[in-house]
Amino acid sequence: MKISARNQLKGKIKKITKGAVNSEVTMEMAGGLEIISIITNASVKSLDLKEGKEAYAVIKASNVMIAVD
């Protein structure tokens, strides 16, 4: 896989919660960090995502905001 995004995190699919149109995909990274992404059910199917499968979380954003109370 070649991609221009620099923020690529390798992990394993921990859980997939399927909805009517979209699925919530929880990935577990090294150290137990979890990342959750909402993607279409069609994407889950075309990527053949299953619990335990290795995958990459690719983060491409124009900005990241940080807030405190």
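Worth pointing out:
- Among Ser37, Ser46, Ser23, the residue with the largest mean-square fluctuation in a Gaussian network model of the chain, with springs joining Cα atoms closer than 10 Å, is Ser46.
- Put simply, the amide H of Lys15, placed in the peptide plane, has neighbours under 5 Å in Thr26, leaving out anything fewer than 5 places away on its chain.
- Derived scalar couplings ³J(HN,Hα) [the stretch 41-55; Karplus, 6.51 cos²θ - 1.76 cosθ + 1.60; whole Hz; x for Gly, Pro]: 4, 4, 5, 4, 5, 5, 8, 6, 6, 9, 4, x, 6, 6, 7
- The chain - percent of accessible surface contributed by carbon and sulfur, probe 1.4 Å: 54
- From helices alone, the chain scores -2000 deg cm²/dmol at 222 nm; the rule is -39500 (n - 2.57) for each run of n ≥ 4 DSSP H residues, then divide by the residue total.
- Only Cα sites of the chain enter the Debye sum here, all with the same form factor; the resulting log10 I(q)/I(0) across q = 0.11, 0.14, 0.25 1/Å is -0.30, -0.48, -1.19, listed in q order.
- Computed with a 1.4 Å probe over protein heavy atoms only, the accessible surface of the chain comes to 82 Å² per residue.
The values are calculated or read from the model by the stated rules, or taken from the named source; none is laboratory data. Predicted model only: the values in this text are computed from it and were never measured. SASA here: full protein model, heavy atoms, side chains in, ligands and nucleic acids out. Shrake-Rupley method; radii C 1.70, N 1.55, O 1.52, S 1.80 Å.
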